[in-house]
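The next block holds one structure in the form of structure tokens; read it before the comments.
The values are calculated or read from the model by the stated rules, or taken from the named source; none is laboratory data. These numbers were taken from a predicted model, which means no experiment stands behind them. Reconstructed Cβ throughout: ideal geometry from the backbone, glycine too, with neighbour counts over all protein chains shown. Protein only, heavy atoms only, side chains kept; ligands, DNA and RNA dropped before computing areas. Shrake-Rupley method; radii C 1.70, N 1.55, O 1.52, S 1.80 Å.
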Amino acid sequence: MTTYLPVITRVGSISRLLKQQTSQFKRYLSNINSPFQDDLSDFDLDDFGLEDFRHYKESPEVAKYREAQLKELLHNEAQPSQPTDTSQESLESIATKNEPTIIISKLNDPYLNLAIEDYVYSKIPISKTTPFKAHRLMFYTNSPCVVIGKNQNPWKEVNLPVMNRLGIPLIRRRSGGGTVVHDLGNVNYSFMSTKQEFDRFKFVNLIVEAVNGARITSTKIKVNHRGDIVTKDDIVSGDSGELKISGSAYKLSRGKSYHHGTMLLNSDLNRLKQVLHRDTTQVGLVDTSKTIDSVKAKVTNLQISQQSFIDLVSNGFKFEYGISGEPTTVENENNDDPDKEFNEMMGLSDFANAIKSANVYQIDSDSIELPQEVVSIADGLKSWEWKFGRTPLFMHTLENLKLNISVKFTVDKGIIENVELVGESHFNLLSELNERLCGVQYRGDLIEKALSGNEATRELGSWLHNSIDGV
């Protein structure tokens, strides 16, 4: 087994940016919030004609505008987080923090990335007595692969012969949802929170707001009624003008939830079409009522860099879920903040803490060994039993005009239960096929091997092998 040695490096928060922006906040935000405080004396009020402002309350419109302006400032000023602390921490210590945390995996192994995601999710601390602050955001980019939902049928969702010829692995994830194609041109994101906070629209709206607000691409995006991120077409009404950029899948268990998706940035869309297109004359017709089919949609790339996307969404995550201000220390308490009096006088104390921070870690291939639990999860995801063997009952019909035969397999949990033939000249093969194939895993190589015993079935076995999975 290959030994994976990832380094987990803490990345500095953006809290230091607060000091750099103090003067900007004073000038910028004082213009959109009333500077009049409750401790003004009656003399002051009368002398300056401020009586009407004694009971000033900010309207919802002003509050909304103020928040929009603050986000604009963050978009313009915040810089990408850079590694500042090379001290290493274990993945377990990171995963169990009750603090908002961003994890950026630099690994490209899809099995390991999905295993790390599942491991982090399982370790999030849930307490009935401690306020929940352990929101997680994970980013990872996988080498080319196709990922199906845990309740999907691989023979129906993808073109297995094409995938195997291209050397692209099939992976079944542990969440629901539809089939997605991963490659080095997209970024996968995973937002983790509590089950009570789960909202399938909230985080994708955060992504849309972060990308649109940055104005780094001419493509405007939105969230449609399904929760997919799509292009925003102001001319074409309805869904007909939408091109899908990101879909989502979800998992809720043990008081927690995660929402993950794949953002198409600069992906190979031709390869995507190849592996998802199924010509039923070649790969057969799959009939099933017990699995979830993907919803077909036209797709496009957002065409921004991976780093830009990660930085934008990270800033949005920090704004929404981060911890305000500098961590409280004895040193901070004993030293006077030169801006404290000004902020309090001008009613800007809340804004002084508006730039929030979160733990940020990178995982790459150089240092601390992954927990054995992660390696075990990855090994489980690689197994044929998980990828194919958990597929509920289905029928797969394959037709060969050259051989003048149609074969219908009944398969349950990846095991052939029954074989039927259509074609009068082949009825004498029926009992032989059932005898040789029933109880065999539904794999092309095993079917060809089982039918290689005589000339009458050898050609049939080769054709079935190529049509089922082409391995």
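Note on residue 92 and residue 273: their simple-model spin labels are 5.0 nm apart, each label 7 Å out from Cα toward Cβ.
Ordered by 1.4 Å accessible area with all protein chains kept, 290, 256 run largest first as 290, 256. One decimal place: the segment residue 143-residue 306 gains 57.3 nm when fully extended, by the rule 0.36 nm per residue minus the C-alpha distance.
For residue 106, list the lysines whose Cα falls under 22 Å from its own Cα; do not include residues on the same chain fewer than 8 positions away. Filter leaves 97, 123, 318, 382.
Residues within the reach of a label modelled at residue 281 (point 7 angstrom out along Cα to beta-carbon, backbone nitrogen below 11 Å), restricted to region 383-412, are 401.
Classify region 361-471: rounded, prolate or oblate, from the alpha-carbon gyration tensor (a ≥ b ≥ c, eigenvalue square roots; a/c under 1.5 rounded; otherwise prolate if a/b is larger than b/c)? Prolate is the answer for region 361-471, as a/c is 1.5 or above and a/b outweighs b/c. A simple spin-label model places the labels of residue 224 and residue 297 0.5 nm from each other, with each point 7 Å out along Cα-to-Cβ.
Please give the FRET efficiency for residue 199 paired with residue 126, using the beta carbon to beta carbon distance and R0 = 25 Å, rounded to the nearest 0.05. Efficiency, rounded to the nearest 0.05: 0.90.
Could you list the residues of region 109-142 with an amide nitrogen less than 16 Å from a label point located 7 Å from the Cα of residue 379 in the Cα-to-C-beta direction? Only 111-112, 115-116 fall inside the zone, counting backbone N under 16 Å. For residue 401 and residue 166, a Förster radius of 25 Å and the Cβ-Cβ distance give a FRET efficiency of 0.45, rounded to the nearest 0.05. Among the listed pairs 244/387; 133/251; 128/244; 222/413, those whose Cα-Cα separation exceeds 28 Å are 128/244; 222/413.
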